[in-house]
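Asker: Here you go, one structure.
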Amino acid sequence: EAGVAQSPRYKIIEKRQSVAFWCNPISGHATLYWYQQILGQGPKLLIQFQNNGVVDDSQLPKDRFSAERLKGVDSTLKIQPAKLEDSAVYLCASSQDRGPLYGYTFGSGTRLTVV
Amino acid sequence: DAKTTQPPSMDCAEGRAANLPCNHSTISGNEYVYWYRQIHSQGPQYIIHGLKNNETNEMASLIITEDRKSSTLILPHATLRDTAVYYCILSYNFNKFYFGSGTKLNVKP
């Protein structure tokens with residue numbers, strides 16, 4: 001079974017620029033999550049999709065962050081404009097439904113550096 | 001929000017058992033205890049989970065106290081590749097996972 005694919009692996013941008021991250025979940029996984037992990041901290045949930053609908057985006061900074069999951073498969077997370085404090089690893093995870101017994105499968109993440 | 005407490009770091013000698021504690025005194029009856037680990041530059045990886053009974057799989061054992069207010073993850077024979085950050089997470093209805101800061105396990109030769 002192929003894992004969760006994320007791209008790019010690394011990204012460096014200047015503050016106030018925009019950036020987008022892409023995630024391809026495991027085939028058949030209905031639920032998709034985006035997490036932000038700042039250096040030295042645990043991952044923080046940003047948004048949860050069930051198929052192509054948003055289940056929870058309460059922790060997403062909506063003034064600058066947006067996410068979509070068209071056709072219930074791939075997802076993109078966008079930041080516009082970026083701030084220095086957005087420097088982090090952005091992790092995508094997927095699960096078979098809203099509650100598999102084996103939790104999520106995570107991708108390797110995209111490391112964003114804002115300078 | 002994270003509802004677990006873990007020591008920030010622990011050391012373990014290679015080949016010995018690593019016992020990682022987790023306190024979750026406010027756990028509710030329908031919350032499972034999950035353990036994940038994150039090796040440097042990788043996404044978190046599932047290890048094991050349990051509700052109230054002790055669990056064992058090929059990676060680790062999970063011991064949950066009778067009152068469910070704490071648990072211990074046991075890696076029976078730690079290797080250098082087990083050096084990682086270990087997260088103890090509570091989740092009900094297998095819904096969202098809220099990560100704390102975890103325990104950095106250093107396995108030393």
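Asker: Quick one: what pairs do we get from the stretch A:47-65, first residue on the phi > 0 side of the Ramachandran plot, second surrounded by fewer than 19 Cβ atoms within 10 Å (Cβ to Cβ), C-beta under 7 Å, 6+ apart or different chains?
Answerer: What qualifies is A:Asn51/A:Ala30; A:Asn51/A:Gly72.
Asker: How many residues does the stretch B:80-94 contain that are surrounded by 13 or more Cβ atoms within 10 Å (Cβ to Cβ) and more than 14 Å from chain A (Cβ to nearest Cβ)?
Answerer: 2
Asker: Can I ask one more? Could you grab me the full set of residues in the stretch A:3-16 that are within 18 Å of the chain's Cα centre (by Cα) and assigned to a loop (DSSP other than H, G, I, E, B)?
Answerer: If the condition is that a residue be within 18 Å of the chain's Cα centre (by Cα) and assigned to a loop (DSSP other than H, G, I, E, B), then A:Gly3, A:Val4, A:Pro8, A:Arg9 are the ones that fit.
Asker: Note down all Cβ pairs under 8 Å where the first residue falls in the stretch B:25-41 and is more than 28 Å from B:Thr83 (Cβ to Cβ), the second is surrounded by fewer than 11 Cβ atoms within 10 Å (Cβ to Cβ) and of a type in the set (S, T, N, Q), and they're at least six residues apart or on different chains.
Answerer: Going by the 8 Å Cβ cut-off, the qualifying pairs are B:Asn30/B:Asn93.
Asker: Show the residue pairs that are 6+ apart or on different chains and have beta-carbon atoms under 8 Å apart, the first residue being within the stretch A:6-22 and in contact (Cβ under 8 Å) with a residue 60 or more places away in the chain and surrounded by 14 or more Cβ atoms within 10 Å (Cβ to Cβ), the second being hydroxyl-bearing (Ser, Thr, Tyr) and not in a strand (DSSP E or B).
Answerer: Matching pairs, first to second residue: A:Gln6/A:Ser108.
Asker: I would also like to ask the following. Taking the residues in the stretch B:25-58 that are within 24 Å of A:Ala5 (Cβ to Cβ) and more than 10 Å from every other protein chain (Cβ to nearest Cβ) as candidates, determine which candidate is surrounded by the fewest Cβ atoms within 10 Å (Cβ to Cβ).
Answerer: Of everything passing the filter in the stretch B:25-58, B:His40 is surrounded by the fewest Cβ atoms within 10 Å (Cβ to Cβ).
Bear in mind that the values in this text are calculations on the coordinates, not laboratory data. What you are looking at is a predicted structure, and each value in this text was computed from that prediction instead of being measured. Cβ atoms come from the backbone with ideal geometry, glycine included; neighbour counts cover every protein chain shown.
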